[in-house]
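Chemist: My questions will all concern the structure given below.
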Amino acid sequence: MKWLVLVHVLSSIIGVGPTFFAHVLLRRSQTLPELRSSLAMNKKLELFPKVGGSLAVLSGLALFFAGEYGKFTQMWLLGSLILYVIIQIIVIAIITPRANRLSAWVFDPHNAAAAALPAEQSSLHAQVNRLFYAATACGVLLFSFMIMKP
């Protein structure tokens, strides 16, 4: 059981962790070369939430069914699962398409000499950054539920 708790905690940190600094990585006050580098790094970091987050959910469910945590409908338990799903929706369904559109423009060879982002891409960049803040807030609440559980 201790190993399962260890796997759960580590996979949670690894899975949700990149969300906590993605808004710093994609901050607005960057030059285009810095943004290119940040977007490339962000693309590499996408693997961690996919693998770690999935493992966290599976190990969390295994812990619930193997342990004596009470009813599944407890606020900390159901709330944690709902928050995790919200984070996934924000990151996968909302941020990723916007970040991909931004990346398409940023990495287009025709735009290599551009000095700044055009209005549409600047708006996408701002949206992605704000959405990562929202995902971070959900992540803080998620970890709070896990730590403060009865």
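Chemist: Collect the residues in the stretch 37-64 that are of a type outside the set (S, T, N, Q), over 20 Å from LEU10 (Cβ atoms) and surrounded by fewer than 16 Cβ atoms within 10 Å (Cβ to Cβ), keeping them in residue-number order.
Modeler: Result: ALA40, MET41, LYS43.
Chemist: Oh, and also: Among the candidates VAL85, VAL128, VAL91, single out the residue that is within 13 Å of the chain's Cα centre (by Cα) and without any contact (Cβ under 8 Å) to a residue 24 or more places away in the chain.
Modeler: Selected residue: VAL85, the only one of VAL85, VAL128, VAL91 that is within 13 Å of the chain's Cα centre (by Cα) and without any contact (Cβ under 8 Å) to a residue 24 or more places away in the chain.
Chemist: Out of all the residues in the stretch 126-141, which are within 17 Å of GLY15 (Cβ to Cβ), surrounded by fewer than 19 Cβ atoms within 10 Å (Cβ to Cβ) and touching a helix residue (DSSP H, G or I) at 6+ places or on another chain (Cβ under 7 Å)?
Modeler: Correct list: LEU141 only.
Chemist: Within the stretch 12-20, is even one residue out of contact with any helix residue (DSSP H, G or I) (no Cβ under 7 Å at 6 or more places or on another chain), modelled with pLDDT of 90 or more and on the phi < 0 side of the Ramachandran plot?
Modeler: no
Chemist: Still on this structure: Checking the structure you have, find out if any residue of the stretch 70-79 is within 21 Å of VAL51 (Cβ to Cβ) and within 21 Å of the chain's Cα centre (by Cα).
Modeler: No, every residue in the stretch 70-79 fails to be within 21 Å of VAL51 (Cβ to Cβ) and within 21 Å of the chain's Cα centre (by Cα).
Chemist: Here's another thing I want to ask about it. Would you mind finding the one in MET1, MET75 that is open to solvent by 70 Å² or more (accessible area, probe 1.4 Å), touching a residue at least 60 places away in the same chain (Cβ under 8 Å) and under 16 Å from GLY139 (Cα atoms)?
Modeler: Selected residue: MET75, the only one of MET1, MET75 that is open to solvent by 70 Å² or more (accessible area, probe 1.4 Å), touching a residue at least 60 places away in the same chain (Cβ under 8 Å) and under 16 Å from GLY139 (Cα atoms).
Chemist: Moving on to the next point. In the list SER103, SER123, which residue meets the criterion of being more than 13 Å from ARG36 (Cα to Cα), part of a helix (DSSP H, G or I), open to solvent by less than 80 Å² (accessible area, probe 1.4 Å) and hydroxyl-bearing (Ser, Thr, Tyr)?
Modeler: Going through SER103, SER123 in turn, just one is more than 13 Å from ARG36 (Cα to Cα), part of a helix (DSSP H, G or I), open to solvent by less than 80 Å² (accessible area, probe 1.4 Å) and hydroxyl-bearing (Ser, Thr, Tyr): SER123.
The values are calculated or read from the model by the stated rules, or taken from the named source; none is laboratory data. As the structure is a computational prediction, the values presented were derived from the model and not from experiment. Reconstructed Cβ throughout: ideal geometry from the backbone, glycine too, with neighbour counts over all protein chains shown. Side chains are part of the model used for accessible areas, which takes the heavy atoms of the whole protein and leaves out ligands, DNA and RNA. Shrake-Rupley method; radii C 1.70, N 1.55, O 1.52, S 1.80 Å.
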